[in-house]
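Working notes, beginning with the structure itself.
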Amino acid sequence: MAEDRLSMRLPSLNALRAFEAVGRTGSIKAASDELSVSPTVVSRHIRKLQLDLNVALVAAHGRGLLLTAAGEAFHARVSRAFDILRQANEDVRPVSRRSLTIWCMPGIANQRLLGRLPSLMNLLPNHDIALYPTLSRADFTRGEADAEIVHMNMLISRPKVRTELISAPKIHAVASPAFRSCHPVVTQPSDFLRLPLIHEASTLYWEQWFENAGVTDLPMLRGPCLWHAHLTIEAARQGQGVALANTLLVEEDLAAGRLVDLSPQPVSLGGYYFVAVARRWGDPELVVLRRWLKEALQGSIANRAADATTRSE
């Protein structure tokens, strides 16, 4: 009987937490950073857990670790158990304010989301919304963000992360009315090669645009390279040249006549994607956030090509 009780004894909760973090991040160092303990402590927890269970859960692989077959099966169940504990913890707490951190491309954050934040706050009255404009990608394993909105030319899958296309706006070649009035009329994509071009960070965006428009044998493109889209758009407003910008960023300028569209034909170059941890995809606040984003990024004049969404787990 004593042996039965001993065999049923659960391993240390700290050891299970360390194992779950190592299996998820694939690294003792990353797990130690997440748990705010030293790598030595994490390694000790893993060794103790393997001794208690009398089974090899991890194996060395280069400078990191890989789960064994037994470790993979055990990790899947341990992860589900921690998810259940986290949900139970949330369910038992009194209703309180929670945070919702969103990382987003600066241009979209400024042009499309900032003015609409009050409506999101009304939809999520128990959440403090943090909108973080950045070009960096969020590290979900460190809890840097609950969700992110990024621009990609194509869907790129990441482990344990789910992605959905929210909007695929058309790309416009824009300039000021004054600029257009004193330069030759553009009738085909190659005509832009004779005009001053404004670049976003590098010439790559224009190069992709020309390729998509069927222009080959490009010369070396010249013109100022500015940090981000809002700078290239402002330079175009000032009459400095032609900039590329998607509908979501310039539709108000086009409607107001501050900019004119010189594009002889519409071009698409990727889209905006909503990204979040797969296991949290169905969380109520993320469901609300996705719906709100679709309205913000597909409304009014904006292109609605993202109605057919792409998902990956």
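The values are calculated or read from the model by the stated rules, or taken from the named source; none is laboratory data. Bear in mind that the values here come from a model prediction, so they are computed numbers and not experimental data. Every residue, glycine among them, receives a Cβ derived from its backbone with ideal geometry; neighbour counts consider all protein chains shown. Remember, those area values only see protein heavy atoms, side chains included, never the ligands or the DNA or RNA. Shrake-Rupley method; radii C 1.70, N 1.55, O 1.52, S 1.80 Å.
Which residues, counting only those in the range 257-269, are in a loop (DSSP other than H, G, I, E, B), under 22 Å from ASN153 (Cα atoms) and open to solvent by less than 20 Å² (accessible area, probe 1.4 Å)?
LEU269
Applying the selection to the range 21-56, what residues are buried (at least 16 other Cβ atoms within 10 Å of the Cβ), at pLDDT 90 or above and closer than 20 Å to ARG80 by Cα?
Residues satisfying the conditions are HIS45, ILE46, LEU49, GLN50.
When you scan the range 55-65, do you find a residue that is touching a Ser or Thr at 6+ places or on another chain (Cβ under 7 Å) and not in a strand (DSSP E or B), even just one?
Among the residues of the range 55-65, at least one is touching a Ser or Thr at 6+ places or on another chain (Cβ under 7 Å) and not in a strand (DSSP E or B), which makes the answer yes.
Do we find that GLU295 is in a helix (DSSP H, G or I) and within 18 Å of LYS170 (Cα to Cα) in this structure?
In short, yes.
Regarding ALA31, is this residue in contact (Cβ under 8 Å) with a residue 12 or more places away in the chain, of a type in the set (A, V, I, L, M) and in a loop (DSSP other than H, G, I, E, B)?
no
Can you find a residue that is β-branched (Val, Ile, Thr), at pLDDT below 85 and closer than 30 Å to LEU289 by Cβ anywhere in the range 65-85?
Looking through the range 65-85, none of the residues is β-branched (Val, Ile, Thr), at pLDDT below 85 and closer than 30 Å to LEU289 by Cβ.
Report, by residue number, each residue of the range 104-123 that is in contact (Cβ under 8 Å) with a residue 24 or more places away in the chain and assigned to a helix (DSSP H, G or I).
Across the range 104-123, the qualifying residues are PRO106, GLY107, ILE108, ALA109, ASN110, GLN111, ARG112, LEU113, ARG116, SER119, LEU120, LEU123.
Of the residues ALA236, ALA229, only one is touching a helix residue (DSSP H, G or I) at 6+ places or on another chain (Cβ under 7 Å) and either in contact (Cβ under 8 Å) with a residue 40 or more places away in the chain or basic (Lys, Arg) (or both); which?
ALA229
Residue-wise test of (1) assigned to a loop (DSSP other than H, G, I, E, B); (2) within 29 Å of ALA256 (Cα to Cα); (3) among the basic types (Lys, Arg); (4) modelled with pLDDT of 90 or more.
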position	(1), (2), (3), (4)
PRO125	yes, no, no, yes
ASP128	no, no, no, yes
LEU131	no, yes, no, yes
LEU135	yes, yes, no, no
ALA145	yes, no, no, yes
VAL150	no, yes, no, yes
ILE156	yes, no, no, no
GLU164	no, no, no, yes
ALA173	no, yes, no, yes
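Restricting attention to the range 66-80, which residues are farther than 14 Å from SER12 by Cβ, assigned to a helix (DSSP H, G or I) and within 32 Å of the chain's Cα centre (by Cα)?
ALA69, GLY71, GLU72, ALA73, PHE74, HIS75, ALA76, ARG77, SER79, ARG80
Check whether at least one residue in the range 206-217 is in contact with a Ser or Thr (Cβ under 7 Å, 6 or more places away or on another chain) and modelled with pLDDT of 95 or more, and report yes or no.
No, that holds for no residue.
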